[in-house]
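The values are calculated or read from the model by the stated rules, or taken from the named source; none is laboratory data. Since this is a predicted model, take the numbers as computed values, not measurements. Cβ atoms come from the backbone with ideal geometry, glycine included; neighbour counts cover every protein chain shown. The area values use the complete protein model at the heavy-atom level, side chains included, leaving out ligands, DNA and RNA. Shrake-Rupley method; radii C 1.70, N 1.55, O 1.52, S 1.80 Å.
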Amino acid sequence: MRKILAICFLLIPAASLHADEGMWLPSKISGRIDEMRSMGFMLSAEDIYSEDGSSLKDAVVLFAGGCTGELISDEGLLITNHHCGYDQIQAHSSVEHDYLTDGFWAMTREEELPNDGLEVKFLVRMEDVTSSVLKGYKEGMGEGKRIGIAERNSAKIIRKAEKEGAAYEAQIVPMYYGNEYWLFVYQVFSDVRLVGAPPSSIGKFGGDTDNWMWPRHTGDFSLFRIYADKDNNPAPYSEDNVPYRPKRFLNISTAGVKEGDFTMVYGFPGSTKEYIISDEVEYIAEKSDPYRVALRTLVLDNQKSEMDKSAGIRIKYASKNANVANAWKKWQGESKGIRKMGAAASKRKYEAAFEQWASSNGKEYAGITEKLKKTFSGMEDYRFAAEYLNEVFNAVELLGFSYRYVNSDPETRSTVMDAFFKDFHMPVDRNNFSDVIADCEKAAGEEFMPEYLNGLLSVYGHDADSLASFFYASSVFADSVKLKNASLQDMENDICYRLSESFKDFLRDEIMPAYLEGRKEMDLQYRTYMKGIMEFDSLRAFYPDANLTLRVAYGSVQGYSPADGIWYEPVSSIEGIIEKDDPSIYDYDIPQVLREIYAGKNYGRWESGGTVPVCFIATNHTTGGNSGSPVLDGNGNLVGVNFDRVWEGTMSDVVFDGSLCRNIVLDIRYALFVIDKVAGASHLIDEMCIDGD
Ligand code: ARG
Ligand code: GLU
């Protein structure tokens, strides 16, 4: 019997013994290091995070406030995703210089393109400041006092931290719903130039069809360079700036990965909600996600039918379309995944066990789940209205534009207008208006719609399409010439501006107060609940929800089974690109040069097993914001760049399933292959440290 047990034990793959769930705070990684080492990590906790000297954290940046990037040369060269640099690549593009289609490669430093407003932030240090933030607060003083004290103390701590260095920015972030407070100090660089981007047929290969999907073949990367002043300090853009010499950059390994290999993702995950109660989980899967998906389907169809008509419209809407499509697809996967896991039901069981424990042990947490449920049910309709009406507002571009235009400084109005009309195509917006307003009547209903809109609809016999025709024919905001000549009064009386204002007012006065009140109440209750489950579930290692602060996720390269009878291998190669290649489909029409390289098998040093590896998947727990994150091997070498998750696992923002949740990684060898062989930019390869030289 003993023998049998031992054999069975050995048969279990090593990785299944480990929890891959978790986004851990780097400064506390010593608590996880034994498990990491047992999975193949060879370095120490100080190699990951240290405040003296340099550690891997010094090679990682928050890119453009929502993605991650990492340094790969001692001259400030940075790699992130193509979709993270997409706005910049698009902003430099026109029909004459279509960098989206053709790619962009600076062959000299002079050709590197500056980007207004683009920033990267290095984390200088992080610190648990809970006791300093709550200094002076005593249990029982009440929440109002607690907030006031925390705000005053935080402001002081932040002020002090920002004086510690040049261009420092500090922030205090609550963790575990305010059971802890953490200080993050960043150094901010604002001269960041575009160095290279593959054509979209590589960087966005497979487009929105392949987005969130495995098997994947997207070369989702772009290169930037950080510039600093002559003393290596952050400085606004200047011709005199020089490439930044980072404290640390990553070595690249071309050894590649295989099933079971250790991987670690080091980056800035944006937002997760792992500890919410069952009712909220159910709301996401059954209401919030499905309704927003339905609305975005209308928008995407309208964009698509116009984009197919001309290259000009396609370029104008490329970035907008990708943004709308991205969450649209994710929400579908998320809702499906939550249902498949029966997540609401298992949370319900967990809550019952917790309550049972709390009441039988006389804990102060007893009854907190019921309170949360009650608060949630009181605010649910308002939360839905807030989410849904924002979607409606954003779906009609003219609404946001009229609001921005009227409320901007008259001197900057012409810039606001030019930027808007550069990427505006009225038929898309008109059709969106008609479709989403009709949907809004059904989904939200009169009670949750601005009165002005209800009035307009009743004048037009509840026919959103005729309202749309009138709207776009009569609004001055739909016509740049009319708008230039419009007086402030014309604008303020304009149907579009009035509708826009009515949305804003309605949200501000009728929806947000109840929603925010409920949110506040719930956050407070979650603070108690969180503290309670941490005591109840004392053997479980809790990580704080993602909140755009630096985290470590570790796991291993693993395939998965998306459905009965299917097993997905964890690595993809250039063979798959050729299989998908189809000149008649925009998203699958690869550059001719790639076909030629393939035909001649001219892979150079990027060849492995007769092919070029392209992407791989692993069990790292990641989310939006982790895009562009370095994926490191056991020695801390860069083996890939994170860019996505598999569709069947997108519920990991709410519940993690180790058998389905996989992050998708660009194999660094494919990026190097593209830079070298497709772009002929070997001067960039020369800057990097690859396999130790
Ligand atoms: N799904 C990835 C993320 O969430 C990539 C998005 C960009 N790509 C796209 N085809 N829309 O950001
Ligand atoms: N593509 C996502 C991003 O922009 C990462 C995918 C995810 O949500 O995990 O951060």
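Given the structure, is Y603 touching a residue at least 40 places away in the same chain (Cβ under 8 Å), touching an Asp or Glu at 6+ places or on another chain (Cβ under 8 Å) and of a type in the set (F, W, Y)?
No: the conditions fail for Y603.
Give region 1-37 a look and list any residue that's open to solvent by 40 Å² or more (accessible area, probe 1.4 Å), outside any helix (DSSP H, G or I) and at pLDDT 95 or above, or say none.
If the condition is that a residue be open to solvent by 40 Å² or more (accessible area, probe 1.4 Å), outside any helix (DSSP H, G or I) and at pLDDT 95 or above, then E21, R32 are the ones that fit.
Could you list, ordered by first residue, the pairs with Cβ atoms under 6 Å in which the first is in region 206-219 and in contact (Cβ under 8 Å) with a residue 24 or more places away in the chain and over 22 Å from S561 (Cβ atoms) and the second is of a type in the set (V, I, T) and open to solvent by less than 10 Å² (accessible area, probe 1.4 Å), at least 6 apart or interchain?
Filtered contacts from region 206-219: G219/I202; G219/V674.
Out of region 68-83, which residues are open to solvent by less than 20 Å² (accessible area, probe 1.4 Å) and under 23 Å from the mean Cα position of the chain (by Cα)?
Within region 68-83, T68, G69, E70, L71, I72, L77, L78, I79, T80, N81, H82 qualify.
Which one of the conditions (1) free of Cβ contacts under 8 Å to residues at least 24 places away in the same chain; (2) within 28 Å of the chain's Cα centre (by Cα); (3) under 20 Å from E286 (Cβ atoms) does K374 fail to meet, given that it meets all the rest?
With (1) free of Cβ contacts under 8 Å to residues at least 24 places away in the same chain; (2) within 28 Å of the chain's Cα centre (by Cα); (3) under 20 Å from E286 (Cβ atoms) applied to K374, the lone miss is (2).
For the list (1) crowded, with 24+ Cβ neighbours inside 10 Å; (2) among the β-branched types (V, I, T); (3) at pLDDT below 95, I need the number of the one condition that V61 fails.
It fails just one condition, (3).
Taking the stated definitions as given, is Q332 open to solvent by 40 Å² or more (accessible area, probe 1.4 Å) and closer than 30 Å to Y86 by Cα?
So Q332 fits the description; yes.
At least 3 residues that are aromatic (F, W, Y), in contact with a Lys or Arg (Cβ under 7 Å, 6 or more places away or on another chain) and open to solvent by less than 20 Å² (accessible area, probe 1.4 Å) in each: list the helices (runs of 4 or more DSSP H) lying fully within region 462-508 that qualify. Please lay out each step first, then the result.
Numbers: elements: 464-474, 480-485, 488-493, 495-506.
Passing ranges: none, list empty.
Which numbered condition trips up T263, out of (1) assigned to a loop (DSSP other than H, G, I, E, B); (2) of a type in the set (S, T, Y); (3) open to solvent by less than 20 Å² (accessible area, probe 1.4 Å)?
All conditions pass for T263, except number (1).
Just checking, how many residues over region 226-259 are in contact with a Gly (Cβ under 6 Å, 6 or more places away or on another chain) and either closer than 30 Å to T611 by Cα or assigned to a loop (DSSP other than H, G, I, E, B) (or both)?
Counting residues in region 226-259 that are in contact with a Gly (Cβ under 6 Å, 6 or more places away or on another chain) and either closer than 30 Å to T611 by Cα or assigned to a loop (DSSP other than H, G, I, E, B) (or both) gives 1.
What pairs come out if I take residues in region 298-322 that are more than 18 Å from F205 (Cβ to Cβ) and pair them with residues that are among the small types (G, A, S) and assigned to a helix (DSSP H, G or I) whose C-beta lies under 8 Å away, six or more apart or interchain?
Listed pairs, sorted by first residue: L298/A395; V299/A395; L300/A325.
How many residues does region 214-259 contain that are closer than 30 Å to S572 by Cα and open to solvent by less than 40 Å² (accessible area, probe 1.4 Å)?
Counting residues in region 214-259 that are closer than 30 Å to S572 by Cα and open to solvent by less than 40 Å² (accessible area, probe 1.4 Å) gives 17.
Run down K422, K442, K504 and say which single residue is free of Cβ contacts under 8 Å to residues at least 12 places away in the same chain and out of contact with any Cys (no Cβ under 8 Å at 6 or more places or on another chain).
K442
Under 7 Å by Cβ, and 6 or more places apart or on different chains, what pairs join a residue from region 347-367 that is without any contact (Cβ under 8 Å) to a residue 60 or more places away in the chain with one that is part of a helix (DSSP H, G or I)?
The qualifying pairs are E355/T369; A366/E355; A366/A358; A366/S359.
If Y405 satisfies every condition in (1) in contact (Cβ under 8 Å) with a residue 60 or more places away in the chain; (2) of a type outside the set (S, T, N, Q); (3) out of contact with any Leu (no Cβ under 8 Å at 6 or more places or on another chain); (4) farther than 19 Å from Q303 by Cα but one, which is the exception?
(3)
Conditions first: (1) at pLDDT 95 or above; (2) away from ligand 2 (no atom under 16 Å from the Cβ). V95 passes all but one, so which condition is the exception?
(1)
Being within 16 Å of ligand 1 (Cβ to nearest atom), modelled with pLDDT of 95 or more and open to solvent by less than 10 Å² (accessible area, probe 1.4 Å) narrows it down to one residue among V646, V639; which is it?
Going through V646, V639 in turn, the sole match is V646.
When you check V324 against the structure, is it within 16 Å of ligand 1 (Cβ to nearest atom), outside any helix (DSSP H, G or I) and under 18 Å from the mean Cα position of the chain (by Cα), yes or no?
Values: within 16 Å of ligand 1 (Cβ to nearest atom): yes; outside any helix (DSSP H, G or I): no; under 18 Å from the mean Cα position of the chain (by Cα): yes.
Judged against the criteria, V324 is not a match.
Given the conditions (1) within 16 Å of ligand 1 (Cβ to nearest atom); (2) surrounded by fewer than 20 Cβ atoms within 10 Å (Cβ to Cβ); (3) farther than 19 Å from V299 by Cα, report the number of the one that A352 does not fulfil.
With (1) within 16 Å of ligand 1 (Cβ to nearest atom); (2) surrounded by fewer than 20 Cβ atoms within 10 Å (Cβ to Cβ); (3) farther than 19 Å from V299 by Cα applied to A352, the lone miss is (1).
Taking only region 445-455 into account, find how many residues are in a helix (DSSP H, G or I) and either hydroxyl-bearing (S, T, Y) or surrounded by 20 or more Cβ atoms within 10 Å (Cβ to Cβ) (or both).
Counting residues in region 445-455 that are in a helix (DSSP H, G or I) and either hydroxyl-bearing (S, T, Y) or surrounded by 20 or more Cβ atoms within 10 Å (Cβ to Cβ) (or both) gives 2.
Rundown of residues vs (1) among the acidic types (D, E); (2) within 23 Å of A546 (Cβ to Cβ), yes/no style:
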position: E96; (1), (2): yes, no
position: G103; (1), (2): no, no
position: L123; (1), (2): no, yes
position: G136; (1), (2): no, no
position: K145; (1), (2): no, no
position: A150; (1), (2): no, yes
position: K156; (1), (2): no, no
position: M175; (1), (2): no, yes
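Name the one entry in E286, E282 that is among the charged types (D, E, K, R) and surrounded by fewer than 17 Cβ atoms within 10 Å (Cβ to Cβ).
Values: E282 fails: surrounded by fewer than 17 Cβ atoms within 10 Å (Cβ to Cβ).
Answer to the selection: E286.
Does L516 fit the bill of being buried (at least 18 other Cβ atoms within 10 Å of the Cβ) and either part of a helix (DSSP H, G or I) or touching a residue at least 24 places away in the same chain (Cβ under 8 Å) (or both)? Walk me through it before giving the result.
Working: buried (at least 18 other Cβ atoms within 10 Å of the Cβ): no; either part of a helix (DSSP H, G or I) or touching a residue at least 24 places away in the same chain (Cβ under 8 Å) (or both): yes.
So L516 does not fit the description; no.
Given Y86, Y49, which one is surrounded by fewer than 24 Cβ atoms within 10 Å (Cβ to Cβ), hydroxyl-bearing (S, T, Y) and within 14 Å of ligand 1 (Cβ to nearest atom)?
Among Y86, Y49, only Y86 is surrounded by fewer than 24 Cβ atoms within 10 Å (Cβ to Cβ), hydroxyl-bearing (S, T, Y) and within 14 Å of ligand 1 (Cβ to nearest atom).
Inside region 574-693, counting only strands (runs of 3 or more DSSP E) that do not spill past its ends, which hold 3 or more residues that are closer than 30 Å to G342 by Cβ, in contact with a strand residue (DSSP E or B) (Cβ under 9 Å, 6 or more places away or on another chain) and within 16 Å of ligand 2 (Cβ to nearest atom)?
Correct list: 613-618, 638-645, 663-667.
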